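Participant: Here it is, the structure, as structure tokens.
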Amino acid sequence: MMPSCGRSILFMKCPMEYRTYRKVLQMVTELHVRGYQRLRIVPAMAPSGLYWRCAITPVTNISSRHGARTLSWDTLVAHYSSGQERKYFGWDDCSRVTASRLADLFIARFPAIVDAGRGSDWVYAGWYLEMLSLTYPNCLPIAHTDSEAFDDCLMTVGEKFDVRIPLPPAGWGPAERPRSRSRLVAVAGETPGDNRPGAMKPRFAPPH
């Protein structure tokens, strides 16, 4: 059974790996600063439970009922998985880049996504900064797992207990469509049943 909203899922990770994954979140802050505040994140756990995922998509691809649910899995969406580690979005040339440089590459390589995300959304940008603060330095937000969606708040995976992240503002798209089986497909870099050292093996935080 999943823990109640506001509880954290814990797994053993070293701080450097957290920084690696959080660079994607920091990149989105860079994009917001550059005028692309209508870009949003949809963070989740992979079906295997071993990987954290972060999809980046414009607000028009986000449900009007939930601010962290995509309407389309494969249209105007960039997918990152912790299985890629520092090969962000499957790229081989960005293992040592800063979040600012990663934003440069994202703009160059996902022009349709960033063009659709151009414009102001100060409410979401404010929520986003609060999310970064609540999860700093060693947590990651989660909107859903493969078996459960969280309707009242976002959960976290990481080393903190009782981190409650309010839901982001609703998207501009229609209500959710039926879930696509494509969510069960592994993102590049993920290996089903991966038991290598350092792979995410979640355990639930005990209630207080």
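Participant: For His66, work out the one condition from (1) closer than 19 Å to Ala188 by Cα; (2) in a loop (DSSP other than H, G, I, E, B); (3) modelled with pLDDT of 90 or more it doesn't fulfil.
Facilitator: Of everything listed in (1) closer than 19 Å to Ala188 by Cα; (2) in a loop (DSSP other than H, G, I, E, B); (3) modelled with pLDDT of 90 or more, His66 misses just condition (1).
Participant: Then there's this: Out of the residues in segment 31-58 that are closer than 22 Å to Met155 by Cβ and β-branched (Val, Ile, Thr), state the one that is surrounded by the fewest Cβ atoms within 10 Å (Cβ to Cβ).
Facilitator: Applying the filter and picking the extreme gives Ile41.
Participant: Continuing with the same structure: Name the single residue that is surrounded by the fewest Cβ atoms within 10 Å (Cβ to Cβ) among those in segment 84-113 being basic (Lys, Arg) and in a loop (DSSP other than H, G, I, E, B). Outline the logic, then answer.
Facilitator: Keep residues of segment 84-113 that are basic (Lys, Arg), which gives 86-87, 96, 101, 109.
Those still in the list that are in a loop (DSSP other than H, G, I, E, B) too: 86-87, 96.
Values: Arg86: 14, Lys87: 16, Arg96: 7.
That would be Arg96.
Participant: Consider segment 134-158. How many of its residues are at pLDDT 85 or above, surrounded by 15 or more Cβ atoms within 10 Å (Cβ to Cβ) and of a type outside the set (A, V, I, L, M)?
Facilitator: The number of residues fulfilling the criteria is 8.
Participant: Is at least one residue of segment 107-120 closer than 17 Å to Ala55 by Cβ, out of contact with any strand residue (DSSP E or B) (no Cβ under 7 Å at 6 or more places or on another chain), among the charged types (D, E, K, R) and modelled with pLDDT of 90 or more?
Facilitator: Yes.
Participant: Take the residues in segment 114-152 that are among the aromatic types (Phe, Trp, Tyr) and in a loop (DSSP other than H, G, I, E, B), then tell me which one is nearest to Arg34 (Cα to Cα). Give the derivation first.
Facilitator: First, the residues of segment 114-152 that are among the aromatic types (Phe, Trp, Tyr): 122, 124, 127-128, 136, 150.
Filter once more, keeping what is in a loop (DSSP other than H, G, I, E, B): 136, 150.
Numbers: Tyr136: 22, Phe150: 30 Å.
Looking at the filtered set, the residue picked out is Tyr136.
The values are calculated or read from the model by the stated rules, or taken from the named source; none is laboratory data. Nothing here was measured: the structure is a model prediction, and the numbers come from that model. Here the Cβ is made from the backbone with ideal geometry for all residues, glycine too, and neighbour counts use every protein chain on show.
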